[in-house]
Structures are given as C-alpha cells and as structure tokens.
C-alpha cells in the first residue's frame, strides 16, 4: 500500500512513537497496531482524537479495551498492509523503546515535524509545575536518538530545550516558550489543554492528582493558542 504523508499521519506516527507498538505474530498470522494509554487521564484523548484519527487515516474502527485494575486503555486494530507499511516507513518491530526516532520522511517538511512532535508530546510529554507560578513542558524518552531529534528540531523552531539523556528527559523551561509551544505546535490531548488553560488563567498547573476528570474539553482538536 502507499500512503501520502499528511499532517494527520505525521501526528499519528508521533502517537505511535509515544504510546504505540507494531506487532506481528507469525503463529497467529496477526498484524497488530496497538496504542496503550492511561485510563484515568487519557480516556478522552483516546476516544476524541486517536479513534477518529485511525478511522480517517486507515478506514479502521479500532477496538477499545479497558482494564481498570491496571488503569490502562488499549486501542488496537489489525491489518497486514498497514503494519507492513509502518515497518517500511521506519517504525521498528522490535526494541522500539531504546531505538525509536522520528522517521526520515517526516523530517523533510517543517509542518510534518511539528505534527509528529505534537503526537509525541500528547503521549509521552506533559505540562507541569516547575515552581511557584512557573510551568514547564517535559518529554520523556528512553531512546537517545529520539531525545536528540526532539532537541534538534525544537531548536530549529526557536525553542531552547534542555536535555538529560541520563534521566531520559527533555525540558522547555522558558515561560514565553510554553505559550509559543501551544501556539505553534499545539496539543490534541484534553489533559494537556485543560492544564495549560488553567495555568494561563490561574497562574499554576494543577497536578494530575488534582485533575478533575469531570472537566471536559469540547472544542476542536488539535488546540492552538489564539
């Protein structure tokens, strides 16, 4: 199969880089794409963004499986052509955590890189309190290749990230750059959007433990600062 590299597809690849896996089980002849997220904090993100994105890109209606005992929600679908294409595109079948990187075909266009970074942020990133009224954005990645790529391209977009490969983290600390991030890269995860808007209005980022699961984000996704 052939797939045109659109901004939506670049964001989906970012989601896979963060919380996804591509699997082939020869004995079952199964080709699976799986995205695993936190049931408590990301249910709205999975149902309002990931599921519609899969339907739009691949014409698949993914299955959702929730395991409350371990607070996980699994979103998955099966397709040999799609799995084969994703592997050829550059998504690893094995050793994803330590070897994953942004695929080279995405790096050819500025808007595709930004959309891919959004998908990574929405799954493996966060906005949280630094100290006082100061916020920070963080990405966690165990792949040094991914951390270096994120740092490289964020710098090209005018950010000044700090990176700690030992701690597997990349941070954006400057307050003007927090706003710049949500204006230029944006987010499709209601959890991040609501916490960002809370920081903008009240001057602090609420902890996840303070996060009110009844607060819903009803506007369009992805979200950008106006």
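A short reminder: the numbers here are calculations on the coordinates, not readings from a lab. These numbers come from a predicted model, not from an experiment. Every residue, glycine among them, receives a Cβ derived from its backbone with ideal geometry; neighbour counts consider all protein chains shown.
Return the distance in nm (one decimal) between the two label points of a simple spin-label model at residue 131 and residue 220, each offset 7 Å from Cα along Cα→Cβ.
4.1
How high is the relative contact order of the chain, given as a whole-number percent (alpha carbon pairs under 8 Å, six or more residues apart)?
Value for the chain: 21 percent.
Just to verify a number: FRET efficiency for residue 204 and residue 56, C-beta to C-beta distance, R0 = 35 Å, to 0.05?
0.45
Does anything in region 1-26 have its amide N under 18 Å from the 7 Å Cα→Cβ label point of residue 145, and if so which residues?
Taking a point 7 Å out along Cα→Cβ of residue 145, the residues of region 1-26 whose backbone N falls under 18 Å are 13-23.
Treat each spin label as a single point 7 Å out from the Cα along the C-beta direction, and report the residue 65 to residue 104 distance in nm.
3.6
Using only the alpha-carbon atoms, how far is helix 80-89 inclined from the longest principal axis of the chain? Give it as 0 to 90 degrees, nearest 10.
60
Name the residue, out of 53, 93, 170, whose mean-square fluctuation peaks in a Gaussian network model built on the chain with Cα pairs under 10 Å.
93
Measure nothing but the geometry: give the 0 to 90° angle between the long axis through the Cα atoms of 7-19 and the longest principal axis through the Cα atoms of the chain, rounded to 10°.
So the inclination is approximately 90 degrees.
May I ask you to compute the full-extension gain from residue 25 to residue 74, defined as 0.36 nm times their residue separation minus their alpha-carbon distance, rounded to one decimal in nm?
Value of the extension gain: 15.9 nm.
Please identify, among 87, 102, 54, the residue showing maximal mean-square fluctuation in a Gaussian network model of the chain using a 10 angstrom Cα cutoff.
Per the Cα network of the chain with a 10 Å cutoff, 87 tops the list.
Quick check: the angle from helix 175-184's long axis to the longest principal axis of the chain, C-alpha only, nearest 10 degrees?
In the chain, helix 175-184 runs at an angle near 40 degrees to the longest axis.
When the helix-only estimate is applied to the chain (DSSP H runs of n ≥ 4, each -39,500 (n - 2.57), divided by the residue count), what is the mean residue ellipticity at 222 nm, nearest 500 deg cm²/dmol?
Result for the chain: -12000 deg cm²/dmol, rounded to the nearest 500.
Given 0.36 nm per residue, what is the gain on full extension from residue 176 to residue 111 after removing their alpha carbon distance, in nm?
21.3 nm
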